[in-house]
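What follows is a single structure, written as structure tokens, with notes after it.
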Amino acid sequence: MIREVEVVVIGAGQAGLSAAYFLRRHFEPETEFAVLDHAPHAGGAWQFRWPTLTFETVNGVYRLPGMAVPEPEPTTPVSGVISSYFADYEREFDLRVQRPVSVGSVRPLPDKRLEVVTDRGTWITRALINATGTWERPFWPRYAGQETFAGRQLHTAQYRGPEEFAGRRVAVIGGGISGIQHLLEIDPVAASTHWITRREPQWRSGDFNPDRGREVVAMVEERVRRGLRPQSVISVTGVPLTSEIRAARAAGVLDRLPMFDSITPEGLSWDDGTFIPVDTILWATGFRAALDHLAPLKLRGSGGGIVMDGTRAAADARVHLVGYGPSASTIGANRAGRAAVSEIREFLGVRPGAARAGARD
């Protein structure tokens, strides 16, 4: 089946739903834009988060435009609440997300439109908003001897809580917030834990104020404007020194080790002769942007990233990326969704003031 629309949105997480909200204000339902989502249910990446990630421990939840975020008890798991919030949002604003739909490729057509090929048919569109995020592309570093390891290796994407690590000798790899949260949960039940990072952690005391936030966004924007791969947020912002993290540092739980040089069947080895026996390696090494389906458009530059002009791919004015680079945060995703729709309206020649009645920012 082939369907023709004005705009296709790929992904229905925070960035995709924000973009869909602003599209709803300016386009008629069904016939003029489509939202395609690979996930089985509403909730974006939140629906896959581990049960012990609660509102007390999450790094932040930001409302979608036009609807407040629920405020449950701090000990409530985030995944279920935010999934329900996203589902309510889709119904409230009649966003008609189609799922599960897996996009295989986006290809240019001779008539200057784009062909979005999926496992549920093909969409032909004049403009594209890509909001696929990173959850489906966990990053697994490679080290000598890794394939010989006799224990278990898993990634943050597979983490379901500390219980399965009881009595195990665990190495947590990664200096981000997720790795630290995993370590704090696992340490009380494990036989031993070790924290290993590529760089010395950058601890941050004090509030993360708006001025610092703007500095961080500017630094990430500069990278994507040059076509470099976006940096992880934590590498720019630093790790906040909460009371829990201060206590863990004082107790020695967050005594960091430098990266090992190789992996043996029984554990981790350094070239200076240091060896640590472990039976579980948890890679909290982050994610990469899920953009393989855009490869036929040849958007990537020599720096390995996509040169960006705001939310627009510099190599193709039809394509916008939201939730990528400086908008890879819940706050930034909302702003990017609005900016992308504003630029697409201009690109498609949609009249100013054509907003649908009743919509609110």
Requested in this report: Of all residues in the stretch 54-86, count the ones that are over 29 Å from residue 186 (Cβ atoms) and over 19 Å from the mean Cα position of the chain (by Cα).
Outcome: 3
Requested in this report: Kindly indicate whether any position in the stretch 28-38 is among the small types (Gly, Ala, Ser) and crowded, with 22+ Cβ neighbours inside 10 Å.
Outcome: yes
Query - Residue ID - surrounded by the most Cβ atoms within 10 Å (Cβ to Cβ), chosen from residues in the stretch 266-287 that are among the β-branched types (Val, Ile, Thr) and part of a strand (DSSP E or B) - result: 281
Query - Scope the stretch 24-53; condition within 22 Å of the chain's Cα centre (by Cα) and part of a helix (DSSP H, G or I); matching residues - result: 44, 45, 46, 47, 48
**Report entry** Test result for residue 115, in a strand (DSSP E or B) and of a type in the set (Asp, Glu)
**Finding:** yes
Report summary line: Of the residues in the stretch 142-185, those that are acidic (Asp, Glu), more than 24 Å from the chain's Cα centre (by Cα) and surrounded by 18 or more Cβ atoms within 10 Å (Cβ to Cβ) number 0
Report task. Take the stretch 118-150 and flag every residue that is among the small types (Gly, Ala, Ser), on the phi < 0 side of the Ramachandran plot and either without any contact (Cβ under 8 Å) to a residue 24 or more places away in the chain or part of a strand (DSSP E or B) (or both). Result -> 127, 144
Query raised in the report: Out of all the residues in the stretch 308-316, is one or more under 30 Å from residue 8 (Cα atoms), hydrophobic (A, V, I, L, M, F, W, C), within 29 Å of the chain's Cα centre (by Cα) and part of a loop (DSSP other than H, G, I, E, B)?
Result: yes
Query raised in the report: Which residue pairs have Cβ atoms under 9 Å apart, sit 6 or more places apart or on different chains, and have a first residue in the stretch 70-97 that is closer than 13 Å to residue 41 by Cβ and a second that is acidic (Asp, Glu)?
Result: 97/37; 97/90
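Here, each number is a calculation from the coordinates, and none is a lab measurement. Remember, predicted model here, so these are calculated numbers, not experimental data. Virtual Cβ from ideal backbone geometry, glycine too; neighbours counted across all protein chains shown.
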